[in-house]
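*Asks:* Submitted below is the structure of interest, expressed as structure tokens.
The values are calculated or read from the model by the stated rules, or taken from the named source; none is laboratory data. All values reported here derive from a predicted model rather than from experimental measurement. For neighbour counting, all protein chains shown are included, and Cβ atoms are generated from backbone atoms with ideal geometry for every residue, glycine included.
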Ligand SMILES: *Cc1c(COP(=O)(O)O)cnc(C)c1O
């Protein structure tokens, strides 16, 4: 059996090598490294894949969050609601822009924000909510959007882990992750579901006015060359990365199915184990499994991790420390409640190998090893 990787990018590349190499060579021959035609073509193709009016590419997923917040009508001191159990990017940008983060606990089943949690955190200064679609599934968008519309609060969806997940509203209407709020963002970091060979990101919006502002912010605050209307940044997706992403977008549905098949096999193996809690599947959202994350009983995670490492099965902890305990964020913003769910999750979650190239032999080895571990504990 080949070595098991947490994410196997080498093997994925081998399968698309001729097409990718050809696309890269064309960019190099044309020497169109910045804003080559592939960039716009990719933006248009991703927009039509997601069913959103505007996709604006940029340098990475963190920049995408920053550009989205700069484009919105928010100012220093305005409160922005973020989940405590997540990657740092959103709260970092909130802090950099002088906005005031409001750190909120998450739903114990989905590990994400829901309507009730957001409602409890509202204040007269709340201007924006940032639901992060964690691990590949959409948060409670129906509830969050209903609430935010009632109070005229903007919604910015971070879909770095959930590109191509679909959400179904109570009336049956479907929408892609990132296309429901005022703006959505994503990342093309190599290990994301649609990853390039370096850094990349994008902002989505149906709103043409916001799209124009995002574009201007990403281009030094200029709508017209050398005329700077506002303070912007420089954030671009390279032509080479766009060329790679065009090839990989063709495969995205196939990649998502491969991940879902691995998840289904893991569910089947681990569902019956008393000590393990398998990922909750929201009836309103598809799950594209950027991560497959189990919950183990308190105090049992380290034992399992050591066992897995002896078996040469990689595992990761997403995330070991909640935002409000990070030295950088301990003393800024407002923390709502005791964040008991987040505290518990940080001590109990473990993510297993999840990628498009896991072989059946590898999957069975992972399942059997873990089943064996819990059998022996008895
Ligand atoms: C990866 C990730 C980001 C940031 O993406 P970069 O491209 O690395 O800047 C933001 N939010 C979440 C939830 C992520 O997982």
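*Asks:* So which residues in the range 320-346 are buried (at least 18 other Cβ atoms within 10 Å of the Cβ) and over 21 Å from residue 120 (Cα atoms), if there are any at all?
*Replies:* Scanning the range 320-346 gives a single hit, 346.
*Asks:* Taking only the range 146-178 into account, find how many residues are in a loop (DSSP other than H, G, I, E, B) and within 12 Å of the ligand (Cβ to nearest atom).
*Replies:* Result for the range 146-178: 7.
*Asks:* A further question follows. Would you pick out the residues in the range 323-363 that are within 23 Å of residue 261 (Cα to Cα) and without any contact (Cβ under 8 Å) to a residue 24 or more places away in the chain?
*Replies:* 360
*Asks:* So for the range 218-228 (the condition being buried (at least 21 other Cβ atoms within 10 Å of the Cβ) and assigned to a helix (DSSP H, G or I)), does at least one residue qualify?
*Replies:* Yes, the range 218-228 contains a residue that is buried (at least 21 other Cβ atoms within 10 Å of the Cβ) and assigned to a helix (DSSP H, G or I).
*Asks:* Related question: Do we find that residue 62 is more than 19 Å from residue 321 (Cα to Cα), within 14 Å of the chain's Cα centre (by Cα) and within 11 Å of the ligand (Cβ to nearest atom) in this structure?
*Replies:* yes
*Asks:* Going by what's in this entry, would residue 240 be described as within 14 Å of the ligand (Cβ to nearest atom), part of a helix (DSSP H, G or I) and outside the structural domain of residue 295 (by TED's automatic domain parsing)?
*Replies:* No; evaluated as a whole, the condition is false for this residue.
*Asks:* Does residue 169 meet the test of being touching a strand residue (DSSP E or B) at 6+ places or on another chain (Cβ under 9 Å), in the same structural domain as residue 66 (by TED's automatic domain parsing) and in contact (Cβ under 8 Å) with a residue 40 or more places away in the chain?
*Replies:* On the way: touching a strand residue (DSSP E or B) at 6+ places or on another chain (Cβ under 9 Å): yes; in the same structural domain as residue 66 (by TED's automatic domain parsing): yes; in contact (Cβ under 8 Å) with a residue 40 or more places away in the chain: yes.
Yes.
*Asks:* Please determine, by comparing only the residues of the range 179-202 that are in a strand (DSSP E or B) and over 18 Å from residue 167 (Cα atoms), which one is nearest to the ligand (Cβ to nearest atom).
*Replies:* 187
*Asks:* Limited to the range 118-134, what total is found for residues that are crowded, with 24+ Cβ neighbours inside 10 Å and assigned to a helix (DSSP H, G or I)?
*Replies:* Within the range 118-134, residues that are crowded, with 24+ Cβ neighbours inside 10 Å and assigned to a helix (DSSP H, G or I) number 2.
This table checks each residue for (1) under 9 Å from residue 84 (Cβ atoms); (2) out of contact with any helix residue (DSSP H, G or I) (no Cβ under 9 Å at 6 or more places or on another chain); (3) not in a helix (DSSP H, G or I).
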residue	(1), (2), (3)
309	no, yes, no
313	no, no, yes
318	no, no, yes
321	no, no, yes
324	yes, no, no
